[in-house]
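Note sheet for the following structure.
The values are calculated or read from the model by the stated rules, or taken from the named source; none is laboratory data. None of the values given here were measured: they were computed from a predicted structure. With ideal geometry, Cβ positions are generated from the backbone for all residues, glycine too; neighbour counts draw on all protein chains shown. With ligands, DNA and RNA removed, areas are computed over all heavy atoms of the protein, side chains included. Shrake-Rupley method; radii C 1.70, N 1.55, O 1.52, S 1.80 Å.
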Amino acid sequence: MIKDLIKSGIDDESRPYWNGLKDKKLFIQQCGDCQKSIFYPRSICPHCFSDNINWLEANGTGTIYSFTTVHQGYGPFKGETPYTVGIVELDEGVRMMTRIIGDYNEIKVDKRVSIIFKEVEEDFVLPYFQVIT
Amino acid sequence: MKSERVAAIVGVAESDLGKTPGKNVLQLQAQAAKLALEDAGLTKHDVDAIFTAGNWAWAPNLMLAEYLGIQPKYTDSTNIGGSSFEAHVGHAAAGIKAGLFDVALITYGSTNRTKPANSSFQSPLTAQYEIPYGLPTPVGAYALAATRHMHQYGTTSEQLAEIAVATRKWATLNEKAYMREPIEIEDVLNSRLIAEPLHLLDCCLVSDGGGAVIVASNRVASTLKKKPVWILGHGESHSHNTITNMPDLTMTSARESGKAAFEMAGISHHEIDVAEIYDSFTITVLLTLEALGFCQPGEGGAFVSGQRTAPGGDFPMNTNGGGLSYCHPGMYGIFLLIEAVRQLRGECNARQVDDAKIALVHGTGGVLSSTSTVILGRD
Ligand SMILES: [Zn+2]
């Protein structure tokens, strides 16, 4: 189970993010002082050290910063190969890791992508992305 | 201006390498430590500072020092991944300069091949935003960097393969190297894909092994029979932990650690006779050459082309056969130091770089996360 790999890390700091995904909402954070976007969730702004941090719903679009198609998986991912893991830069200016799904030949650096809320296991939703065609 | 010659590496050794099913990490470190002290002409009673890095114990320094029967007056377990040992050398030089101790023992041991460490070392605290996507670590992270570099600069798989081929040529000259069959660029390109664009032969070995390095003050070094290898400069940095948080996938913190090391040493790039550069993957080397300033960003592919880093090339690099072909037990940095010292002492026989006087050693740890650069020189 994928969720089992991380459940010990899910706490009050990260739970709003994970719960948001179940409601098909992608929550990132924004600093109330310097206004910069923040991801992953944290209690202090890594730009200006403000602790005035607010949740912000991202609009779910961005560009591919990089990607790799994995041919040697491990653990629960072994049977899924080949699959493509990417880093997407959201339009709000933060980057996040994700799976990029859809036609392999369409996946390129700098391509525009949009979010797909994927329930990979019961009660566990991940933000995947697909190329906007 | 040349830096002060305050501290030197005076002893180096490897333990058994490759597959060592009968030995645990303490035995490997003890074996290497004993050999390195003999190499230096010192005994364990001379050691007053201990440095190690590993995830084989809650507090590795406590376990190791107890096992070896050493009570240090200075102890440092800095663990920033594979570059830890270059950091240890820098810290040892700083401690000696401050007058805190005279002889430091730096060790490493791993049974990564026969008894792999628990792969769940990634704490879900901040890795929970990466783990669910199944990126194989570390190779997938380096693949992401390679994809980005190729996109941004047109770097090719052939150029990355040049590094693997050249490094294998050095390995054919080192009887301790694990992989000694020559390979061609086509062999790299035809080896199976692990995480695109990286092939099996773009990746380092998975070995057992250990090593030890002895750092001593000028005062002690001048009493020993072998010529000291002076620590001329050092720099270290880290830019991120998880790969998603690397500020620029094409630029490592070698830019900062290298600059600091060159400035402290008071030398420039063209004075480097031999380079030992962490090669967990071919892309690691290419990014590092650019970040250290041996070429401009984006020029790494051209820099390594034409087997420039191979024996006989004008940029001798990874002369023991590297992590790609000689040995790579997970945190490879100590072996870079061992090889650089042997090159500067002229002990490398068939693979000896003629008249090597100054060496650059550069470690990279984590997922391009940490860097540490050391510049060494002989009299
Ligand atoms: Zn802020």
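In table form, for the structure just shown:
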quantity	calculated
Every residue from segment B:94-104 that is part of a helix (DSSP H, G or I) and open to solvent by less than 20 Å² (accessible area, probe 1.4 Å)	B:95, B:96
Of all residues making up segment A:68-91, the number that are in a loop (DSSP other than H, G, I, E, B) and either within 13 Å of the ligand (Cβ to nearest atom) or over 18 Å from the mean Cα position of the chain (by Cα) (or both)	6
Answer from B:260, B:275, B:291, B:302 - the residue that is among the hydrophobic types (A, V, I, L, M, F, W, C), assigned to a strand (DSSP E or B) and either more than 14 Å from chain A (Cβ to nearest Cβ) or within 28 Å of residue A:95 (Cβ to Cβ) (or both)	B:275
Complete set of residues in segment B:184-199 that are away from chain A (no Cβ under 14 Å) and either buried (at least 19 other Cβ atoms within 10 Å of the Cβ) or in contact with a Cys (Cβ under 8 Å, 6 or more places away or on another chain) (or both)	B:188
Verdict on residue B:163 being more than 14 Å from chain A (Cβ to nearest Cβ), of a type in the set (A, V, I, L, M, F, W, C) and either part of a loop (DSSP other than H, G, I, E, B) or without any contact (Cβ under 8 Å) to a residue 60 or more places away in the chain (or both)	no
Hits in segment B:134-160 - residues which are surrounded by fewer than 24 Cβ atoms within 10 Å (Cβ to Cβ), of a type in the set (Gly, Ala, Ser) and in contact (Cβ under 8 Å) with a residue 40 or more places away in the chain	B:154, B:157
Boolean, residue A:78 is over 27 Å from residue B:149 (Cβ atoms) and away from chain B (no Cβ under 13 Å)	no
Whichever residue in segment B:105-128 is open to solvent by 60 Å² or more (accessible area, probe 1.4 Å) and in a helix (DSSP H, G or I) and, among such residues, is nearest to residue B:54 (Cα to Cα)	B:121
Sole residue being more than 8 Å from chain A (Cβ to nearest Cβ) and among the hydrophobic types (A, V, I, L, M, F, W, C), chosen from B:141, B:127	B:141
Residue list for segment A:30-67, filter: touching a Lys or Arg at 6+ places or on another chain (Cβ under 8 Å), part of a loop (DSSP other than H, G, I, E, B) and either more than 15 Å from the ligand (Cβ to nearest atom) or within 14 Å of chain B (Cβ to nearest Cβ) (or both)	A:39, A:47
Residue A:99, sole failed condition from (1) open to solvent by 20 Å² or more (accessible area, probe 1.4 Å); (2) of a type in the set (Lys, Arg); (3) within 14 Å of chain B (Cβ to nearest Cβ)	(1)
Residue within segment B:246-253 that is assigned to a loop (DSSP other than H, G, I, E, B), polar (S, T, N, Q), within 14 Å of another protein chain (Cβ to nearest Cβ) and open to solvent by less than 10 Å² (accessible area, probe 1.4 Å) present	yes
Single residue of A:122, A:89, A:106 found to be open to solvent by 10 Å² or more (accessible area, probe 1.4 Å) and within 14 Å of chain B (Cβ to nearest Cβ)	A:89
All positions within segment A:13-29 that are more than 16 Å from the ligand (Cβ to nearest atom), surrounded by 16 or more Cβ atoms within 10 Å (Cβ to Cβ) and not polar (S, T, N, Q)	A:17, A:18, A:20, A:21, A:25, A:26, A:27
Candidate set from segment A:1-12 (those that are open to solvent by 80 Å² or more (accessible area, probe 1.4 Å) and within 18 Å of residue B:131 (Cβ to Cβ)); member that is farthest from the ligand (Cβ to nearest atom)	A:1
Any hit, segment B:66-81, residues being among the aromatic types (Phe, Trp, Tyr), assigned to a helix (DSSP H, G or I) and open to solvent by 30 Å² or more (accessible area, probe 1.4 Å)	yes
Among (1) in contact (Cβ under 8 Å) with a residue 12 or more places away in the chain; (2) of a type in the set (A, V, I, L, M); (3) surrounded by 17 or more Cβ atoms within 10 Å (Cβ to Cβ); (4) under 30 Å from residue B:57 (Cα atoms) - the single one residue B:131 does not satisfy	(1)
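Yes/no per residue for (1) touching a helix residue (DSSP H, G or I) at 6+ places or on another chain (Cβ under 8 Å); (2) of a type in the set (D, E, K, R); (3) touching a residue at least 12 places away in the same chain (Cβ under 8 Å):
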residue	(1), (2), (3)
A:42	no, yes, yes
A:57	yes, yes, yes
A:61	no, no, yes
A:66	yes, no, yes
A:70	yes, no, yes
A:81	no, no, no
A:85	yes, no, yes
A:89	no, yes, yes
